[in-house]
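Following: one structure in structure tokens, then a few remarks.
The values are calculated or read from the model by the stated rules, or taken from the named source; none is laboratory data. Predicted model only: the values in this text are computed from it and were never measured. Every residue, glycine among them, receives a Cβ derived from its backbone with ideal geometry; neighbour counts consider all protein chains shown. Remember, those area values only see protein heavy atoms, side chains included, never the ligands or the DNA or RNA. Shrake-Rupley method; radii C 1.70, N 1.55, O 1.52, S 1.80 Å.
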Amino acid sequence: MERPFPAYNGADPYLFVSYSHQDVGAVYREMTWLYEAGFNLWYDEGIHAGSIWRQTVANALADSSGCLFFLTKQSVISDNC
């Protein structure tokens, strides 16, 4: 599934979004309405090629104003979530 919008990259407050990629259909629908409502959302689309994945995720989480965790069977068993 195509990513709905670019991950937030800026100095304003944002929410870090954690989800299983197996749930992208439902997750992207929810993220889209939040984005359209004016929320800044960072998700793993914001990881650029050549970046150290875990460090980039840790930095984005540490700098966020909050975390939005999509709780599903897949996210609970995911090592990355």
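The table below lists the values:
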{"item": "Matching residues in the stretch 1-25 - criterion: being open to solvent by less than 50 Å² (accessible area, probe 1.4 Å) and over 13 Å from the mean Cα position of the chain (by Cα)", "result": "Gly10, Gly25"}
{"item": "Among residues of the stretch 45-69, those that are within 15 Å of the chain's Cα centre (by Cα) and open to solvent by 40 Å² or more (accessible area, probe 1.4 Å), counted", "result": "14"}
{"item": "Selection count, the stretch 31-41, where residues are surrounded by 11 or more Cβ atoms within 10 Å (Cβ to Cβ) and either modelled with pLDDT under 95 or of a type in the set (A, V, I, L, M) (or both)", "result": "3"}
